[in-house]
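Student: Pasting in a structure now, in structure tokens, and then I'll have a few things to ask.
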Amino acid sequence: MSTPSHPSVSLVIACGALAHEITTLTKANRWEHLKVECLPASLHNHPEQIAPAVQEKIRQSRNHYSSIFVAYADCGTGGQLDSVLTEEGVERLPGAHCYEFFWGSEAFLQRHETEPGVFYLTDFLARHFERLVMEELGIRAHPELRDTYFSHYTTLMYLAQSDSPELLSMARSAAQTLGLEFDYLPTGFGELETSLAKFAKTHSPRD
């Protein structure tokens, strides 16, 4: 096995939708031995492309870092991402969606089972709602698609990582745009922080 070109550095391959949160956590906790590289957040609109993209990134990076962690949930890949990570021997964040690890698996799954008609926003999705939902799903150009996509939803729930009044206002506006009731829950970083902290500690360079 070749010696990594960065033997004291571990790589976090992250979803672009988590870039701000992960960067904030690495700086606040001084995880200087972690390097974060993000794949495009737009992959969420094409989940079948996530697993191949992650695998390609792992294979490009394996000989350069001491260890690798993947900051994705399953994200709609239907288990394809887990199959890739098992093959590559790499761990990922827990859960099926980022909503789950921000909120906590037990609380999220309980709400999801009792009220499946909830559309979730995070800070990232609130900030980029216009581009990722209205434009990329074609609703801005074809307003009739709103009811096609969202006819089975009743509520938009904003899971907030920050206490930004601006993002709260943007999330409320998104609910109005989609014709949904609005709900709001401050979650902070949730299990994203605990999972990254565990990886950072486990793979901290020895003194």
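Student: Kindly evaluate Glu88 against the criterion of being touching a strand residue (DSSP E or B) at 6+ places or on another chain (Cβ under 7 Å), acidic (Asp, Glu) and in contact (Cβ under 8 Å) with a residue 24 or more places away in the chain.
Tutor: Values: touching a strand residue (DSSP E or B) at 6+ places or on another chain (Cβ under 7 Å): no; acidic (Asp, Glu): yes; in contact (Cβ under 8 Å) with a residue 24 or more places away in the chain: yes.
For Glu88, the condition - touching a strand residue (DSSP E or B) at 6+ places or on another chain (Cβ under 7 Å), acidic (Asp, Glu) and in contact (Cβ under 8 Å) with a residue 24 or more places away in the chain - is not met.
Student: If I ask for residues that are assigned to a strand (DSSP E or B), farther than 19 Å from Cys98 by Cβ and not acidic (Asp, Glu), which ones from the stretch 178-207 would you list? Break it down stepwise before answering.
Tutor: So in the stretch 178-207, the residues assigned to a strand (DSSP E or B) come out as 181-186.
Among the residues that remain, those that are also farther than 19 Å from Cys98 by Cβ are: 181-182.
Result: Phe182, single match.
Student: State all residues of the stretch 68-104 that are surrounded by fewer than 18 Cβ atoms within 10 Å (Cβ to Cβ) and under 14 Å from Leu196 (Cα atoms); if no residue qualifies, say none.
Tutor: Glu91, Pro94 - these are the residues of the stretch 68-104 that are surrounded by fewer than 18 Cβ atoms within 10 Å (Cβ to Cβ) and under 14 Å from Leu196 (Cα atoms).
Student: Right, next: Would you point out which residue out of Thr194, Thr154 is of a type in the set (S, T, N, Q) and at pLDDT 95 or above?
Tutor: After ruling out the rest, the residue left standing is Thr154.
Student: Does Thr155 qualify as being under 21 Å from the mean Cα position of the chain (by Cα) and of a type in the set (Val, Ile, Thr)?
Tutor: Numbers: under 21 Å from the mean Cα position of the chain (by Cα): yes; of a type in the set (Val, Ile, Thr): yes.
When the stated conditions are applied, Thr155 passes them.
Student: Condition check: outside the structural domain of Ala17 (by TED's automatic domain parsing), modelled with pLDDT of 95 or more and part of a loop (DSSP other than H, G, I, E, B). Does Arg146 satisfy that? Outline the logic, then answer.
Tutor: Working: outside the structural domain of Ala17 (by TED's automatic domain parsing): yes; modelled with pLDDT of 95 or more: yes; part of a loop (DSSP other than H, G, I, E, B): no.
Answer is no for this residue.
Student: Determine, yes or no, whether Phe108 is crowded, with 18+ Cβ neighbours inside 10 Å and aromatic (Phe, Trp, Tyr). If you could, list the steps in order and put the result at the bottom.
Tutor: Values: crowded, with 18+ Cβ neighbours inside 10 Å: yes; aromatic (Phe, Trp, Tyr): yes.
Considered against the rule, which asks whether it is crowded, with 18+ Cβ neighbours inside 10 Å and aromatic (Phe, Trp, Tyr), Phe108 comes out as yes.
Student: Moving on to the next point. Quick check on my filter: what residues within the stretch 29-47 are of a type in the set (A, V, I, L, M) and modelled with pLDDT of 95 or more? Lay out the reasoning, then the answer.
Tutor: Pass one, the stretch 29-47, residues of a type in the set (A, V, I, L, M): 34, 36, 39, 41, 43.
Hits for the stretch 29-47 are Leu34, Val36, Leu39.
Student: Please work out which one of (1) within 21 Å of Val133 (Cβ to Cβ); (2) outside any loop (DSSP other than H, G, I, E, B) is the condition Arg59 fails and give its number.
Tutor: Failed condition: (1).
The values are calculated or read from the model by the stated rules, or taken from the named source; none is laboratory data. Small disclaimer: the values here were computed from a predicted structure and weren't measured. Quick reminder, even Gly has a Cβ in these numbers, built from the backbone with ideal geometry, and neighbours come from all protein chains shown.
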